[in-house]
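Engineer: Below is the structure I would like to discuss, written out as structure tokens.
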Amino acid sequence: MNPLGWPGYEEQLDRARERSGGVESVSWRRLPRAVEVAFDFRFLGGSVGTAAGALIEEAFTEARQAWLPVVSKIATGGSRMQEGMLSLRQLQRVARLCAVHREAGLPHVSVLRDPTTGGLWASLGAGADVVVGVSGAQVGFAGSRVRPVDDPAYTAEGQFASGTVDLVVQPRDVDVTVAELLSLLTRGDAVPAEVPRALGARDLPADGWSAVLRARSAQRPRAAAYLDDYFDFRMPISGDRAGGVDPGMLCGIGRRGERAIAFAAQTGTANTPAGFRTAARLIRLASRFALPVVTLVDTPGAANDVAAERSGVGAAIAELFAAVAEARVPITTLVIGEGGSGGALALSSPEHTWITPDAYFSVIAPELAASILKRDDVRQLADDLRLRPQDLVESGVVRGISEG
């Protein structure tokens, strides 16, 4: 228990045990539906040394043998100084445990309590499939004693805003939220999801330009309305885990009857690289847990400003194309509005795409096509592009038109 012979370490451990009532900073228990790992900040600031690392390994091993998810309730200042590099190497141990658990197809949900800092945030916390932050908790790689400034970025809310936390909840809501997440993550059946019903217009557009105007209408139902109509309940999955959030891409897992279905839905805006990366993360998550996926397409196209280019919009779209192509679960797509170019196609199923009567799908927006081709007749060009729902069915681009 004192691998470096640190002066006074045994006495510190004795006082920590007396203060906390536990033998180490980490404990675990097997629950009916999960194995729970819990940190006690009263025990040397929830720090992790070799004994704590061994307890975490015990918990993951038990979960894998019992085929159960892991829930990590974290409150830690990081590695234990009194054990030096032997303590720091526990991060590699934890990362390996998370990877093996993930490869086995078992869920891992982390709960970031106050505080969650240092290497355990960067391994056990951020390495989970779904990350839940407790409102007001200090969360960050740099703890309060070593970071240069005190800033809202070092909070659960700040981490949510930067795309590294999926949702932030009040302390009283943690257990209910975790139970709901586990219920959804363990209910996959890999059976194709039903096509959402059309909520807007029933008649088909007379010409291409009419189809474009209907898809751009402010009165047309948007993604939130479709998700409300389709699901009985849903939980969000937010952020690209690389510093970005795109409110124009709604991702999560919902319950429809007795089924759990993952979703990624565009809201009608030009999606940023963060949006495409979040959708790709959602699809990979669904593949691991046999969750069928529903995608709702509605975007004029990918963001094409300087910020998007610097953030790697091309690579982000490529990542989403790859996630869809590699998906081990069925993906059902409904185009509900504008289907603009590669930013729309990247979210679409190659074989199972439908469209609503008030939507269109096109290689590019008619105005941009006119600019590229140096034509002034945008209305005629919309017809030439054959972007109406009925045109797309005839050409085999979509399987059918969703009915209300």
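Engineer: Using only alpha carbon pairs under 8 Å that are at least six residues apart, calculate the relative contact order of segment 208-401 and give it in whole percent.
Structural biologist: 21
Engineer: A follow-up question, please. When the chain is modelled as a GNM with alpha-carbon springs shorter than 10 Å, which of Pro330, Pro148, Pro357 fluctuates the most?
Structural biologist: Maximum among the listed residues: Pro148.
Engineer: Please report Rg over Rh for segment 9-185, where both radii come from the alpha carbon positions and Rh follows the Kirkwood definition.
Structural biologist: In segment 9-185, Rg relative to Rh is 0.95.
Engineer: Kindly write out, for segment 119-134 in residue order, the coupling ³J(HN,Hα) from the Karplus curve 6.51 cos²θ - 1.76 cosθ + 1.60 (θ = phi - 60°), rounded to whole Hz, with x marking Gly and Pro.
Structural biologist: Residue by residue, segment 119-134 yields x, 6, 5, 7, 10, 5, x, 6, x, 7, 5, 10, 10, 10, x, 8 Hz.
Engineer: Over segment 9-185, calculate the relative contact order: mean separation of alpha carbon pairs under 8 Å at least 6 apart, over the residue count, as a percent.
Structural biologist: 16
Engineer: Which angle between 0 and 90 degrees, to the nearest 10, do you get for helix 174-185 versus the longest principal axis of the chain when only C-alpha atoms count?
Structural biologist: 50
Engineer: If you average the sequence gap of Cα pairs under 8 Å that are 6 or more apart and divide by the length of the chain, what percent do you get for the contact order?
Structural biologist: That works out to 12 percent.
Engineer: Rg over Rh of segment 208-401, using C-alpha atoms and the Kirkwood radius, what does it come to?
Structural biologist: Rg divided by Rh gives 0.97.
Engineer: Please give the net charge around Leu86, taking every other residue with its beta carbon less than 12 angstrom from that of Leu86, where Lys and Arg add +1 and Asp and Glu add -1.
Structural biologist: Spelling it out: positives minus negatives among the neighbours equals +2.
Engineer: Using modelled backbone amide H atoms (1.01 Å from N, in-plane), which distant-in-sequence or interchain residues come within less than 5 Å of Arg256's amide H?
Structural biologist: Amide H to amide H, under 5 Å and 5 or more residues apart or across chains, Arg256 pairs with Asp232, Ile261.
Engineer: Give me a comma-separated list of calculated 3J(HN,Hα) values for segment 195-202, in order, Karplus coefficients 6.51, -1.76, 1.60 applied at θ = phi - 60°, integers in Hz, x for any Gly or Pro.
Structural biologist: Those phi angles translate into 6, x, 7, 6, 9, x, 4, 9 Hz.
Engineer: Next up: Per 0.36 nm of contour for each residue apart, how much would the distance between Phe233 and Asp189 grow if the chain were fully extended, relative to their Cα-Cα spacing?
Structural biologist: Difference between extended and current length: 14.1 nm.
Engineer: DSSP loop trypsin sites (Lys or Arg not before Pro) in segment 311-404 with at most 11 other Cβ atoms within 10 Å of their Cβ, which ones?
Structural biologist: Within segment 311-404, the qualifying trypsin sites (Lys or Arg not before Pro) (loop, at most 11 other Cβ atoms within 10 Å) are Arg328, Lys374.
Engineer: Separate question: Under a 5 Å amide H to amide H cut-off, with H placed in plane at 1.01 Å, what residues pair with Val168 once short-range neighbours are removed?
Structural biologist: Gly133
Engineer: Now for a different question. Sorting check: for 316-326, 72-82, 168-178, which peptide has the highest mean count of neighbouring beta carbons within 10 Å, and how do the rest follow?
Structural biologist: Descending mean neighbour count gives 72-82, 316-326, 168-178.
Engineer: For segment 360-404 and segment 59-103, what is the separation of their C-alpha centers, rounded to whole Å?
Structural biologist: Here the two parts' Cα centres lie 52 Å apart.
Engineer: Shifting gears a bit: Under a 10 Å cutoff between Cα atoms, tell me which one of Gly163, Gly312, Gly208 has the largest fluctuation in the Gaussian network model of the chain.
Structural biologist: Comparing Gly163, Gly312, Gly208 in the GNM, the peak value goes to Gly312.
Engineer: Do the sum for the chain: with -39,500 (n - 2.57) for every DSSP H run of n ≥ 4, divided by all residues, what is the mean residue ellipticity at 222 nm, to the nearest 500 deg cm²/dmol?
Structural biologist: Using -39500 (n - 2.57) per qualifying helix, the result is -10500 deg cm²/dmol.
Engineer: Quick one: which residues, 5 or more positions from Gly337 or on another chain, have an amide H under 5 Å from its amide H? H modelled 1.01 Å from N in the peptide plane, none for Pro or chain starts.
Structural biologist: Placed amide hydrogens put Tyr360 under 5 Å from Gly337.
Values in this text are rule-based calculations from the coordinates and carry no lab data. Computed from a predicted model, the values in this text were never measured in an experiment. Don't worry about glycine lacking a Cβ; one is built from the backbone with ideal geometry, like all the others, and counts go over all protein chains shown.
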